[in-house]
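Okay, so here's the structure we're looking at.
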Amino acid sequence: MLKEECKVTARIDKDLYEQVQEHFHHGQQTKLFRQIFLSLKSIINGGKLNEVLDYMYKGKALTLPGIEE
């Protein structure tokens with residue numbers, strides 16, 4: 001049974017988007033974002049949301065955990 005899916009939309013700089021897009025086709029972009037979201041889910045469930053917020057707002061490094069599908 002397939003899980004219900006949602007679309008992610010974000011506004012980013014056009015040059016940044018084009019640089020990334022030229023290296024990944026649509027299916028790869030989808031897989032990349034899915035993996036990132038699964039890693040973020042794991043971090044949040046592990047009680048480490050502050051690590052993500054520090055990455056976003058303080059420029060600290062963030063290592064995403066590996067995810068097995």
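Rule-based calculations on the coordinates, nothing more; no lab input. Every value quoted in this text rests on a predicted model; they were computed, and no experiment measured them. FYI the Cβ positions are ideal-geometry reconstructions off the backbone, even for glycines, and counts take in every protein chain you see.
Of all residues in segment 39-51, which are touching a Leu at 6+ places or on another chain (Cβ under 9 Å) and either under 24 Å from residue 21 (Cα atoms) or among the charged types (D, E, K, R) (or both)? 39, 40, 51 - these are the residues of segment 39-51 that are touching a Leu at 6+ places or on another chain (Cβ under 9 Å) and either under 24 Å from residue 21 (Cα atoms) or among the charged types (D, E, K, R) (or both). Mind listing whichever residues of segment 35-69 are part of a helix (DSSP H, G or I) and among the small types (Gly, Ala, Ser)? Scanning segment 35-69 gives 39, 42.
When residues in segment 35-69 are screened for being of a type in the set (Phe, Trp, Tyr), surrounded by 10 or more Cβ atoms within 10 Å (Cβ to Cβ) and more than 23 Å from residue 3 (Cβ to Cβ), 1 of them pass. Looking across segment 22-34, the residues that are assigned to a helix (DSSP H, G or I) and loosely packed, with under 12 Cβ neighbours inside 10 Å come down to 26, 27, 28. Checked across segment 46-61, the condition of being over 19 Å from residue 8 (Cβ atoms) and aromatic (Phe, Trp, Tyr) holds for at least one residue.
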